[in-house]
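Structure, as structure tokens:
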Amino acid sequence: MTIDPRPSVIAERLKGVKRVIAVTGWKGGIGKSVTASTLALLLAKQGYRTGLFDLDFAGASDHLVLGAKGLFPKEEKGLEPPVFEGVKFMSVVFFSENKAVPLRGANVSDAIIELLAITQWGELDFLVLDMPPGINDAALDVMRFAKGAEVLAVTVPSVLAHDVLERSLALYRRLGVPVLGVVENMSDGRRPAGACAAIRRDPKLEAALGRPAALLKTAFARDLRRAAAKAGLA
Amino acid sequence: MHEWALAESVIKSAVEHAGEQKLKKLKETGVVFGELQAIDKEIFSFALEELRKQFPAAAACRFKIEVEPAAFRCKACAHEFPLKGLKKTKDEAEFIHFVPEMAHTFLKCPKCKSPDFEIARGRGVSISYIKGEK
Ligand SMILES: Nc1ncnc2c1ncn2[C@@H]1O[C@H](COP(=O)(O)OP(=O)(O)OP(=O)(O)O)[C@@H](O)[C@H]1O
Ligand SMILES: [Mg+2]
Ligand SMILES: [Zn+2]
């Protein structure tokens, strides 16, 4: 017999977390990471105890959006995430020295379980998860371990994105995962179909990446704030 | 120390499995340390001693720790190799200690240099058996 002991403590590690928000979208490059990172900053700014966990191990980017450099968790009965701009932040980049992380699916899952088992989030109002594109190990592990996680879905104005999104929403419904709302990112200003809110394409966003104060002042952040409110987030 | 978090998972998991098997008291639990993760046995055992106070079913449990040598199998060239001889810096060893999958970032197949290998044995912490009284 071989027992993997780690799953037994994951619920314990997430015990103090009131809401887990998984920022998902089944397409790549549609703004999940900027949304998740900026949402975490917005929530922290509003006084909520907030965490951000970058679960996209292959393409970790939240540290770049935030401009979080030179951070490392504190070793204390596990790992305590460093606090950056009021956000408790966890990412695989702390352990990869900015090198590539070439993991197969089962390894991704193993690494996620390891980090969930050793990360001490403490008391949080919100834990925002930045998900990799698609439904894969990260998404399945979140459903398995973060019972009660709520989905904030990101899409873009494209027939392809919308069709893929429909399928994913149907799956979440079937699995009983609550979907807070669908946000249409990179919108051209037209009324989004099937989304609760739109975030316009912001030509100034790119230049604000890595600077939290500037990021929060972008039109992107303003739109996101409105979208988050519509989705019932603060 | 981060060993504490894993020690808690071991004791909690052992107690839960004992419950499932209708064992009232745990007598012995076999704990396997994968060589790759390089868990500090002393810190881990110290954490277990502290933790057992919170888990009455494990109050008298003996934790038998055994280290399993790591073994890798390359998916690219099928070469099988041990941990010994693979080069890593002190920092890299520490990252692997926290997340053993970082082996794929810092280690490579000695024959073909691929990071696409399988950790066949000796990855991290697991429980190999539990013994107890009904
Ligand atoms: N509303 C927007 N206006 C302008 N640029 C945007 C907007 N949303 C996202 N971007 C840009 O698009 C790029 C991709 O965004 P991001 O990395 O957040 O996408 P992602 O969905 O997380 O990608 P991946 O699937 O690789 O994880 C980034 O350079 C980001 O700055
Ligand atoms: Mg992303
Ligand atoms: Zn090889």
(message) So, in the stretch A:182-201, how many residues would count as being touching a helix residue (DSSP H, G or I) at 6+ places or on another chain (Cβ under 6 Å) and surrounded by fewer than 19 Cβ atoms within 10 Å (Cβ to Cβ)?
(response) 2
(message) Among the residues of the stretch A:186-234, what is the count of those that are in contact with a strand residue (DSSP E or B) (Cβ under 7 Å, 6 or more places away or on another chain) and β-branched (Val, Ile, Thr)?
(response) 1
(request) Quick one: count up the residues across the stretch A:163-175 that are open to solvent by 60 Å² or more (accessible area, probe 1.4 Å) and either of a type outside the set (D, E, K, R) or touching a strand residue (DSSP E or B) at 6+ places or on another chain (Cβ under 8 Å) (or both). (result) 2
(request) Go through the stretch A:8-21 and give me each residue that's within 14 Å of chain B (Cβ to nearest Cβ) and closer than 17 Å to A:Leu79 by Cβ. (result) A:Val9, A:Ile10, A:Glu12, A:Arg13, A:Leu14, A:Lys15
(request) Would you check which residues across the stretch A:206-234 are outside any helix (DSSP H, G or I) and touching a Cys at 6+ places or on another chain (Cβ under 8 Å) and list them? (result) A:Ala231
(message) Anything in the stretch A:159-181 that is touching a residue at least 60 places away in the same chain (Cβ under 8 Å) and more than 16 Å from the chain's Cα centre (by Cα)? List them, or say none.
(response) A:Leu160, A:Ala161, A:Val164, A:Leu165, A:Arg167, A:Ser168
(message) Can you find a residue that is touching a strand residue (DSSP E or B) at 6+ places or on another chain (Cβ under 6 Å), at pLDDT 95 or above, more than 30 Å from B:Ala14 (Cα to Cα) and among the basic types (Lys, Arg) anywhere in the stretch A:83-90?
(response) yes
(message) Considering only residues that are open to solvent by 70 Å² or more (accessible area, probe 1.4 Å) and part of a loop (DSSP other than H, G, I, E, B), which ones fall in the stretch B:28-68?
(response) B:Ala60
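Being within 16 Å of ligand 2 (Cβ to nearest atom), at positive phi and surrounded by fewer than 23 Cβ atoms within 10 Å (Cβ to Cβ) is the requirement here; does A:Gly29 meet it? Walk me through it before giving the result.
Working: within 16 Å of ligand 2 (Cβ to nearest atom): yes; at positive phi: yes; surrounded by fewer than 23 Cβ atoms within 10 Å (Cβ to Cβ): yes.
Here the answer is yes, as A:Gly29 does meet what is asked.
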(request) Of the numbered conditions (1) crowded, with 22+ Cβ neighbours inside 10 Å; (2) under 15 Å from the mean Cα position of the chain (by Cα); (3) in a helix (DSSP H, G or I); (4) within 15 Å of ligand 2 (Cβ to nearest atom), A:Ala44 fails exactly one; give the number of that condition. (result) (4)
(request) Keeping to the stretch B:69-101, report how many residues are open to solvent by less than 10 Å² (accessible area, probe 1.4 Å), within 9 Å of chain A (Cβ to nearest Cβ) and in contact with a Lys or Arg (Cβ under 9 Å, 6 or more places away or on another chain). (result) 3
(request) Pick out, from the stretch A:71-162, the helices (runs of 4 or more DSSP H) lying fully within it that include 3 or more residues that are more than 8 Å from chain B (Cβ to nearest Cβ) and open to solvent by less than 50 Å² (accessible area, probe 1.4 Å). (result) A:105-118, A:137-145
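The values are calculated or read from the model by the stated rules, or taken from the named source; none is laboratory data. If you're wondering where the values come from, they're calculated on a predicted model, not measured in any experiment. Positions of Cβ are backbone-derived with ideal geometry, glycine not excepted, and every protein chain shown enters the neighbour counts. The accessibility values were calculated without ligands, DNA or RNA, using every heavy atom of the protein model including side chains. Shrake-Rupley method; radii C 1.70, N 1.55, O 1.52, S 1.80 Å.
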